[in-house]
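**Student:** Here it is, the structure, as structure tokens.
The values are calculated or read from the model by the stated rules, or taken from the named source; none is laboratory data. All values derive from a computational prediction rather than experimental measurement. Here the Cβ positions follow ideal geometry from the backbone for every residue, glycine too, while neighbour counts run over all protein chains shown.
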Amino acid sequence: MPQENDQQHYPHRKEKHEARRDFLKQSSAMMALALTPPLVIKAAQHDEAIAGIFEKMPVSMEINGKKIEVSVEPRVTLLDLLREQLNLTGTKKGCDHGQCGACTVHVNGHRINSCLTLAVMQEGKKITTIEGLANGEQLHPVQEAFIKHDGFQCGYCTPGQIMSAVACIREGHAGSPEEIREFMSGNICRCGAYDNIVHAITEVKQGGKTV
Amino acid sequence: MKKQQTGQSMDRVDGRLKVTGGAKYFADHQLPELLYAALVCSSISNGTIKSINTTKALRAPGVQDVISHLNAPPVPGYKNSDPNAKDGLKIFKDNRIYSNGQPVAIVLANTMERAVHAASLVEVQYNQETHYTDMNANMGKAFQNNRMKDYTRGEADAWKKAPVTIDATYSLPLEVHNPMELAGIIAHWDTPDTLVLYAKTQGVKNVQDTIKRLFQIPEQNITVHSQFVGGGFGMALRVWPLEIATIVAAKKVRKPVKLVITRDQMFTLVGYRPNAVQRLSLGATADGKLTGITHEAVAVTSPYEDFTEGIVSMSKFMYACPNVTTRYKLVPLNISTPIWMRGPGEATGAFALESAIDELSYKLNIDPLELRVLNHADTDPEKDLPFSSKYLKEAYQLGAEKIGWSNRKAAPRSMQEDGMLVGYGMSSGTFGAFRGKATVSATLKADGSLILQSAAADIGPGTATAMVQIAADVTGIAPAKIKFMLGESAYPFAPQQGGSSTVSTLGSAVTDACKALQQKLAGLAISHVPAFKNAAPETIIFEDGQLLRAGQSEKISYETILQQQQLPEVNVVATSQSGEERKKYSMYSFSVHFTKVHVHPATGVVRIKHIVSVADAGTIVNAKTARSQMIGGVVGGIGMALTEEAVMDHRFGRFVNNNYADYHVPVNADTPPTDVYFINKKDPYINPMGSKGMGEIALIGFAAAVSNAVYHATGKRVRDLPITPDKVLDEKGYQQWKLENKMST
């Protein structure tokens, strides 16, 4: 199903498939290299430009409403792409293993751990990070509620908590404090602001605003 | 008069930045030509490096350099140090390996992925020696550090002669701070002797001072930025070898270098709460008066530093007892050096003392709350001084009322609810209420706004917010027009954020700076404003951001004085510190924790159902952030009580659960509703605000409140943290549960 949506929203996607085929052709070139004398390979290993072409793939996605096209190594995670290449540093790295939730972002409306997904898997996807949640100067109701209820101390897990909280409400998992605690347990807060986070989410849910 | 700001639940001044992703933590900074670093860490736990082969790593794409003891530029401050001085790990100085995970090389590349991959290509060979990581197996090596000498008040080990005694051993595992933010640093040498750092630290001035000493460059050549810190809990109270390694690497390649360590490296590179074994012995009369306390502790340390903390401190003064003995020893093991972790040693010690008091209460058949009140220390028995303020008895009563202590049946395993065993437990905590020395710069602008600057840190409690409230009350300027700036080494001196002392120390300096600013404005008014000409300075009154003269109606606002004199701003710098009051009074904060737990009779699973914590921490500056401090400490306490334990495989000297999935910090579903209450009575002596500290007492004692509740629920005393189901389970309980639930197997 997501693929159909992608086709609708991203008519240019086909071009990217062709780009991938180009990459495969380049990979064949790599095979050829493997058969060439060691001295040539050694020279190539030292050549940053050659390595760059071999190791990168083009990918395009929409981040916070803005289309971006980048070329990344396949091993680059969505988290590291956001932070290190796109300067979207609101999304945090807490464990890099999908165990803490600090890197939570929305992909096509669903919350995911951006450290556990590769950037090249996001072709044609719509991504929202903490930087894209507010409507200009107008904070999102969950952001407002986190300030009001002091749903944080150091603030490091906060972007992930807020992205998770918005999704938690949208999913219909904010029906009671107990349910919120359960469905927010993928986001660790070492400062221990959980009680305040539950209050913040409860207030937004009960306020009935569309989130 | 304007509304008093101190005590209000003001929203955090940096809240908006934190909820929008705009707050910049050290790793969020980007510099031109930035190189990424990855560490190669030792896979052995004791021995020497035989060889390091970097050929493959250096050939990998994008790699700039691999730096180890073989090629690192020397750290000048290491040169003359005494090899036997036990003054810390000197990274890349030689080939000695003291512990598993010790960095042996740092790899630099132009992307993070390339650095990480290249680090995996570095081949290190070792001469392995026998390592020692098990404290219990190495008790014979225990020694005393002269910072922590034996203490005796009255008769040594007097508990032995008492009619009623408790003599029990409690153990606490190694715990890891694990703040959400990974440790690391960005280092950039602007010139060969000018260094810029983006650091994760609880004190920028401390970083500056350490670097000055190690690299022997002038203080003004070292700039440390650390405006937002993603939690510390003590681990950022010193400069670690990983930071020195990065600074050394940046020096060698003459480019900015960023290192962010991995979660598993957080277990070996940035300290931990040392595991400890404690023997707590109490003697009492039949009617419950303590006659002897002996508290003996043994804790671990590294081979190259003696780490001591206040494990036995609380036992010396918490209860009115004529005879107290404490002993404290260290066992050096092949692990890295511990560091204070929230509540530090006092939290370790409080678990033993407050558990033992609970055990005594059952033996005496006296209510645990009553027993504590019966032995309440009205004055400090250790220092023989009055307390500056102490409302502990009030806190006991308030907590008891709010948790419903009167519903508690005295006998263990006597209460049930929804098929669960129900237990109520309580404990108390205490920590020194300190006040250090700090300097604050206060600048009033011609638009009436006030800028305050000090090189303080904020790891989360809301320092800037509290300082704005304090400044608003002194000056009468609206909080919205006051800005408190911290986290820059260029600002005037402030101590580290540690030991629950920031509001006390910094708030005092803010108060003094604001008062000095007012005096300067008064001076300007007396010299230049006609209505104030020749007024005696003491006749000038400050009210709501204006100057008045006693008995006269004319007023002038602060900004009008500046505007009339065409001054863009007026600046004062004030230094503030404690005085003689600290010699006359004993100063402590106190906390009381009450818990209600459910224990599953068949599985031994403990669920905390309700928590009431009460703090006697003097005047509360911000009720909202203070509550967050308290619930945060409580969550840390839940981890200490029920889940946290770094498990080491002693065959290899490695932690087996060095990640968030296996080292269990409490998650949202582990935490129950928490009710926090403040006595909120001013300490008349400690500082101008009357505020004592809160960060530590929020956690100190909490684990005992849980273990005491588990005992009350089950009749089983768990003296070995964390209280996991295997320790609570017992055959009798299980059989009874099967019978009651008509289970056949």
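**Student:** On the basis of being small (Gly, Ala, Ser) and in a loop (DSSP other than H, G, I, E, B), does residue B:140 make the cut?
**Tutor:** Numbers: small (Gly, Ala, Ser): yes; in a loop (DSSP other than H, G, I, E, B): no.
No: the conditions fail for residue B:140.
**Student:** Here's something else I'd like to know. Looking for something within 30 Å of residue B:707 (Cβ to Cβ), modelled with pLDDT of 95 or more and not in a strand (DSSP E or B) - is there at least one such residue anywhere in segment B:430-452?
**Tutor:** Here is the first cut: in segment B:430-452, the residues within 30 Å of residue B:707 (Cβ to Cβ) are B:430-434.
Still in the running and modelled with pLDDT of 95 or more: B:430-434.
Right, trim to not in a strand (DSSP E or B) and you get B:433-434.
Yes, segment B:430-452 contains at least one residue that is within 30 Å of residue B:707 (Cβ to Cβ), modelled with pLDDT of 95 or more and not in a strand (DSSP E or B).
**Student:** Considering only helices (runs of 4 or more DSSP H) fully contained in segment B:501-587, which possess at least 2 residues that are surrounded by 14 or more Cβ atoms within 10 Å (Cβ to Cβ) and aliphatic (A, V, I, L, M)?
**Tutor:** On the way: elements: B:502-528, B:558-564, B:581-584.
Once the helices (runs of 4 or more DSSP H) in segment B:501-587 are filtered for at least 2 residues that are surrounded by 14 or more Cβ atoms within 10 Å (Cβ to Cβ) and aliphatic (A, V, I, L, M), what remains is B:502-528, B:558-564.
**Student:** How do the pairs read when you match residues in segment A:143-157 that are not assigned by TED's automatic domain parsing to the domain that holds residue A:192 and at pLDDT below 95 with residues anywhere that are surrounded by fewer than 24 Cβ atoms within 10 Å (Cβ to Cβ) and of a type outside the set (A, V, I, L, M), using Cβ under 9 Å and keeping only pairs 6 or more apart or on different chains?
**Tutor:** Listed by first residue and then by second, the contacts come to nothing, as the list is empty.
**Student:** Moving on. Only one residue in A:123, A:137 is over 27 Å from residue B:262 (Cβ atoms) and more than 12 Å from chain B (Cβ to nearest Cβ), so which one is that? Spell out how you get there, then give the answer.
**Tutor:** Working: A:137 fails: more than 12 Å from chain B (Cβ to nearest Cβ).
Of the residues listed, the single one that is over 27 Å from residue B:262 (Cβ atoms) and more than 12 Å from chain B (Cβ to nearest Cβ) is A:123.
**Student:** Spot the failing condition for residue B:642; the list is (1) within 14 Å of chain A (Cβ to nearest Cβ); (2) under 18 Å from residue B:695 (Cα atoms); (3) crowded, with 24+ Cβ neighbours inside 10 Å, and only one is missed.
**Tutor:** (2)
**Student:** Quick one: how many residues across segment B:102-147 are out of contact with any strand residue (DSSP E or B) (no Cβ under 7 Å at 6 or more places or on another chain) and away from chain A (no Cβ under 14 Å)? Talk me through it step by step, then tell me what you get.
**Tutor:** The first filter runs over segment B:102-147 and keeps only residues out of contact with any strand residue (DSSP E or B) (no Cβ under 7 Å at 6 or more places or on another chain), leaving B:113, B:117, B:120-121, B:130-132, B:134, B:136-137, B:140, B:146-147.
Still in the list and also away from chain A (no Cβ under 14 Å): B:130-132, B:134, B:136-137, B:140, B:146-147.
Qualifying residue count, segment B:102-147: 9.
**Student:** So which of B:242, B:182, B:237 ends up being over 28 Å from residue B:436 (Cα atoms), touching a residue at least 40 places away in the same chain (Cβ under 8 Å) and part of a loop (DSSP other than H, G, I, E, B)?
**Tutor:** Working: B:242 fails: part of a loop (DSSP other than H, G, I, E, B); B:237 fails: over 28 Å from residue B:436 (Cα atoms).
The unique qualifying residue is B:182.
**Student:** Go through segment A:156-194 and give me each residue that's closer than 16 Å to residue A:141 by Cβ, more than 8 Å from every other protein chain (Cβ to nearest Cβ), outside any loop (DSSP other than H, G, I, E, B) and among the hydrophobic types (A, V, I, L, M, F, W, C).
**Tutor:** The answer is A:163, A:165, A:166, A:167, A:168, A:169.
**Student:** Okay, moving on. Give me the residue from segment A:58-109 that is assigned to a helix (DSSP H, G or I) and at the interface with another protein chain (Cβ under 7 Å from one of its Cβ atoms) and, out of that set, farthest from the chain's Cα centre (by Cα). So that I can check it myself, show each step before the final result.
**Tutor:** Keep residues of segment A:58-109 that are assigned to a helix (DSSP H, G or I), which gives A:78-85.
With the extra rule that they be at the interface with another protein chain (Cβ under 7 Å from one of its Cβ atoms), the set shrinks to A:80, A:84.
Numbers: A:80: 9, A:84: 12 Å.
Ranking the candidates gives A:84 first.
**Student:** Within segment A:169-177, is there a residue that is modelled with pLDDT of 95 or more, within 16 Å of residue B:667 (Cα to Cα) and surrounded by fewer than 24 Cβ atoms within 10 Å (Cβ to Cβ)? Outline the logic, then answer.
**Tutor:** We begin by selecting, within segment A:169-177, every residue modelled with pLDDT of 95 or more; these are A:169-177.
Cutting the leftovers down to within 16 Å of residue B:667 (Cα to Cα) gives us A:177.
Among the residues that remain, those that are also surrounded by fewer than 24 Cβ atoms within 10 Å (Cβ to Cβ) are: A:177.
Yes, segment A:169-177 contains at least one residue that is modelled with pLDDT of 95 or more, within 16 Å of residue B:667 (Cα to Cα) and surrounded by fewer than 24 Cβ atoms within 10 Å (Cβ to Cβ).
**Student:** Looking at segment B:609-624, which of its residues are within 12 Å of another protein chain (Cβ to nearest Cβ) and either buried (at least 24 other Cβ atoms within 10 Å of the Cβ) or under 12 Å from residue B:589 (Cβ atoms) (or both)?
**Tutor:** Answer for segment B:609-624, where residues must be within 12 Å of another protein chain (Cβ to nearest Cβ) and either buried (at least 24 other Cβ atoms within 10 Å of the Cβ) or under 12 Å from residue B:589 (Cβ atoms) (or both): B:611, B:613, B:622.
**Student:** Please specify each residue of segment B:723-741 satisfying the condition of being over 18 Å from residue B:598 (Cα atoms) and among the hydrophobic types (A, V, I, L, M, F, W, C).
**Tutor:** Residue satisfying the conditions is B:739 alone.
**Student:** Are any residues in segment B:148-180 under 30 Å from residue B:243 (Cβ atoms), surrounded by 24 or more Cβ atoms within 10 Å (Cβ to Cβ) and in contact with a strand residue (DSSP E or B) (Cβ under 6 Å, 6 or more places away or on another chain), and if so, which ones?
**Tutor:** Once the filter is applied, which keeps residues that are under 30 Å from residue B:243 (Cβ atoms), surrounded by 24 or more Cβ atoms within 10 Å (Cβ to Cβ) and in contact with a strand residue (DSSP E or B) (Cβ under 6 Å, 6 or more places away or on another chain), segment B:148-180 yields B:172, B:175.
Here is a yes/no grid of residues against (1) under 32 Å from the mean Cα position of the chain (by Cα); (2) buried (at least 24 other Cβ atoms within 10 Å of the Cβ); (3) touching a residue at least 40 places away in the same chain (Cβ under 8 Å); (4) in a strand (DSSP E or B):
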| site | (1), (2), (3), (4) |
| --- | --- |
| B:255 | no, no, yes, no |
| B:258 | yes, yes, yes, yes |
| B:262 | yes, no, yes, no |
| B:265 | yes, no, yes, no |
| B:278 | yes, yes, yes, yes |
| B:282 | yes, yes, yes, yes |
| B:286 | no, no, yes, no |
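**Student:** Considering (1) surrounded by 21 or more Cβ atoms within 10 Å (Cβ to Cβ); (2) facing chain A (nearest Cβ under 10 Å); (3) not in a strand (DSSP E or B), say which one residue B:662 fails and leave the rest.
**Tutor:** (1)
**Student:** So the check is Cβ under 6 Å with 6+ separation or different chains; which pairs have a first residue in segment B:1-25 that's under 17 Å from residue B:483 (Cα atoms) and among the small types (Gly, Ala, Ser) and a second one that's at pLDDT 95 or above and part of a helix (DSSP H, G or I)?
**Tutor:** B:15/A:147; B:23/B:17
**Student:** Right, here's the next one. With (1) more than 22 Å from residue B:260 (Cβ to Cβ); (2) more than 9 Å from chain B (Cβ to nearest Cβ); (3) surrounded by fewer than 19 Cβ atoms within 10 Å (Cβ to Cβ); (4) not polar (S, T, N, Q) as the list, and residue A:116 as the residue in question, which single condition is left unmet?
**Tutor:** (1)
**Student:** Among the numbered criteria (1) out of contact with any helix residue (DSSP H, G or I) (no Cβ under 7 Å at 6 or more places or on another chain); (2) farther than 30 Å from residue B:132 by Cα; (3) assigned to a loop (DSSP other than H, G, I, E, B), which one does residue B:657 miss?
**Tutor:** Every condition holds for residue B:657 apart from (2).
**Student:** What do you reckon, is residue B:209 surrounded by fewer than 18 Cβ atoms within 10 Å (Cβ to Cβ), among the acidic types (Asp, Glu) and not in a strand (DSSP E or B)? Working first, answer last.
**Tutor:** Details: surrounded by fewer than 18 Cβ atoms within 10 Å (Cβ to Cβ): yes; among the acidic types (Asp, Glu): yes; not in a strand (DSSP E or B): yes.
Against the criterion (surrounded by fewer than 18 Cβ atoms within 10 Å (Cβ to Cβ), among the acidic types (Asp, Glu) and not in a strand (DSSP E or B)), residue B:209 qualifies.
**Student:** Then there's this: Can you name every one of the strands (runs of 3 or more DSSP E) wholly within segment B:18-114 that holds 2 or more residues which are within 17 Å of residue B:244 (Cβ to Cβ)? It would help to see each step written out before you state the result.
**Tutor:** On the way: elements: B:35-41, B:47-53, B:63-68, B:103-109.
Per the criteria, B:35-41, B:63-68, B:103-109.
**Student:** Are there any pairs, at least 6 apart or on different chains, whose C-beta atoms fall under 6 Å, with the first in segment B:297-319 and in a strand (DSSP E or B) and the second among the polar types (S, T, N, Q) and crowded, with 20+ Cβ neighbours inside 10 Å, and if so, which?
**Tutor:** Between residues of segment B:297-319 that are in a strand (DSSP E or B) and residues that are among the polar types (S, T, N, Q) and crowded, with 20+ Cβ neighbours inside 10 Å, the close pairs are B:297/B:278; B:300/B:275.
**Student:** Filtering segment B:666-685 down to residues that are touching a Lys or Arg at 6+ places or on another chain (Cβ under 6 Å) and of a type in the set (A, V, I, L, M, F, W, C), which residue is farthest from the other protein chains (Cβ to nearest Cβ)?
**Tutor:** Per the stated criteria, the residue is B:676.
**Student:** Condition first: more than 9 Å from chain A (Cβ to nearest Cβ), in contact with an Asp or Glu (Cβ under 7 Å, 6 or more places away or on another chain) and surrounded by 21 or more Cβ atoms within 10 Å (Cβ to Cβ). Now tell me which residues in segment B:16-50 satisfy that.
**Tutor:** B:46
**Student:** More than 14 Å from chain A (Cβ to nearest Cβ) and either buried (at least 20 other Cβ atoms within 10 Å of the Cβ) or within 30 Å of residue A:195 (Cβ to Cβ) (or both): which single residue out of B:599, B:634 fits that description? Steps first, answer last, please.
**Tutor:** Values: B:634 fails: more than 14 Å from chain A (Cβ to nearest Cβ).
None of the others qualify; the one that does is B:599.
**Student:** Could you check residue B:483 against (1) outside any loop (DSSP other than H, G, I, E, B); (2) in contact with a Cys (Cβ under 7 Å, 6 or more places away or on another chain) and say which number it fails?
**Tutor:** Only one criterion is unmet by residue B:483, namely (2).
**Student:** Looking at segment B:60-98 only, could you name the residues that are in contact (Cβ under 8 Å) with a residue 24 or more places away in the chain and either over 25 Å from residue B:258 (Cβ atoms) or within 14 Å of chain A (Cβ to nearest Cβ) (or both)?
**Tutor:** Within segment B:60-98, B:60, B:61, B:62, B:63, B:64, B:86, B:87, B:94, B:95, B:96, B:97, B:98 meet the criteria.
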